[in-house]
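Here's the structure, in structure tokens; my notes come after.
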Amino acid sequence: MRGLMFILSDLVVGRLSADTTNFHPLHIILTWASSPSVYCEALYYEVAYSLLQQDGCRTIPPREQEITVAGNSTGTQFKIKHLHLFSTYKFFVRAVTETGEGNYSEMRYETPEGEPPSPTNVTLQKRSFDFLRFSWIPIPCGSRNTVVRRYQGELYSSSNVLIHRARILDNKISSKIIGLQSCTTYWFRVGAVGSERFGDYSPLVQGTTLEGGKYILNIQFYQCIFDRGMGPVEEDYKGSVRCEQ
């Protein structure tokens, strides 16, 4: 469960707390206790935030803290909108009086995960008389909205019948499907699988195998035919082949 991590407070503004609104998980309601000072009443409170890290980019060192002022409040509540999914923020509040500005009180907050976006630029990379290889561009770490666990590719016949589904490792950006008929058109799409949700598939991309040729079976593929019957197979990351379930 992502949410409040820890709270720091100083002598000017009391303890901060944050909660999401009922309508949007990225609209945060920040609340705090009023200034305890009996000598200088706060004219208003300045609210600011800093994006520490988009958590899909945890392999990249956190950025230097850049504080952005979100606005002012005459009360002890403020709504911060349009934050990023799966990111770590720090919120700041300080009192402004007739004599100047107080010190910031601050808290750390993590926004929830979402579903991953669909991969882009899916293209037919290579083809032969019995296989098609499709590739795509990796989802940028700052746009993943979650931890991408793997990809899932699907191959359809021209009559829109699903003939192959592949589980693809998260560090791969291509899928080679072999054992196909020559001179035949197929359609391929791929989607990303996150920690909690499955993202949308990419648009279908067309690929047509070449005409003719003689397929030479290797021992592994022959064993697949003998044990389970002929069917499309996909190369795994070690270069071997496996039968479709």
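Points worth noting:
- All positions within the range 108-121 that are in contact with a Lys or Arg (Cβ under 7 Å, 6 or more places away or on another chain) and over 17 Å from residue 196 (Cα atoms): 108
- Considering residues of the range 10-55 that are part of a loop (DSSP other than H, G, I, E, B) and among the aromatic types (Phe, Trp, Tyr) only, the residue modelled with the highest pLDDT: 39
- Taking the range 57-80 as the range and being modelled with pLDDT of 85 or more and not β-branched (Val, Ile, Thr) as the test, the residues that pass are 70, 71, 72, 73, 75, 77, 78, 79.
- Scan of the range 77-91 for residues that are of a type in the set (S, T, N, Q) and buried (at least 17 other Cβ atoms within 10 Å of the Cβ), ordered by number: 87, 88
- Residues satisfying the stated conditions in the range 158-202, i.e. in contact with a Leu (Cβ under 7 Å, 6 or more places away or on another chain) and aromatic (Phe, Trp, Tyr): 186, 187, 188
- Any hit, the range 102-120, residues being under 30 Å from residue 205 (Cβ atoms), of a type outside the set (Asp, Glu) and part of a strand (DSSP E or B): yes
- Scanning the range 146-177 for residues being β-branched (Val, Ile, Thr) and within 17 Å of the chain's Cα centre (by Cα) gives a total of 5.
- Taking the criterion of being free of Cβ contacts under 8 Å to residues at least 60 places away in the same chain and of a type outside the set (Val, Ile, Thr), the residues of the range 142-164 that qualify are 149, 150, 151, 152, 153, 154, 156, 157, 158, 159, 160, 162.
- The number of residues in the range 194-206 being out of contact with any Ser or Thr (no Cβ under 7 Å at 6 or more places or on another chain) and in a strand (DSSP E or B) comes to 1.
- Selection within the range 151-166: residues that are more than 26 Å from residue 138 (Cβ to Cβ) and polar (S, T, N, Q). The member of this set that is surrounded by the fewest Cβ atoms within 10 Å (Cβ to Cβ) is 159.
- Residues satisfying the stated conditions in the range 121-169, i.e. in a loop (DSSP other than H, G, I, E, B), among the polar types (S, T, N, Q) and touching a strand residue (DSSP E or B) at 6+ places or on another chain (Cβ under 6 Å): 158
- Taking the range 71-86 as the range and being not in a strand (DSSP E or B) and not hydroxyl-bearing (Ser, Thr, Tyr) as the test, the residues that pass are 75, 81, 82, 83, 84, 85, 86.
- Among the residues making up the range 101-125, those that are of a type in the set (Ser, Thr, Tyr) and crowded, with 16+ Cβ neighbours inside 10 Å are 104, 105, 109, 111, 118.
- Every pair of residues 6+ apart whose Cβ atoms lie under 6 Å, when the first sits in the range 170-190 and is in the same structural domain as residue 154 (by TED's automatic domain parsing) and farther than 28 Å from residue 141 by Cβ while the second is aliphatic (A, V, I, L, M) and outside any strand (DSSP E or B): 187/204
The values are calculated or read from the model by the stated rules, or taken from the named source; none is laboratory data. Here the structure is a predicted model, which means the values were calculated and not measured. FYI the Cβ positions are ideal-geometry reconstructions off the backbone, even for glycines, and counts take in every protein chain you see.
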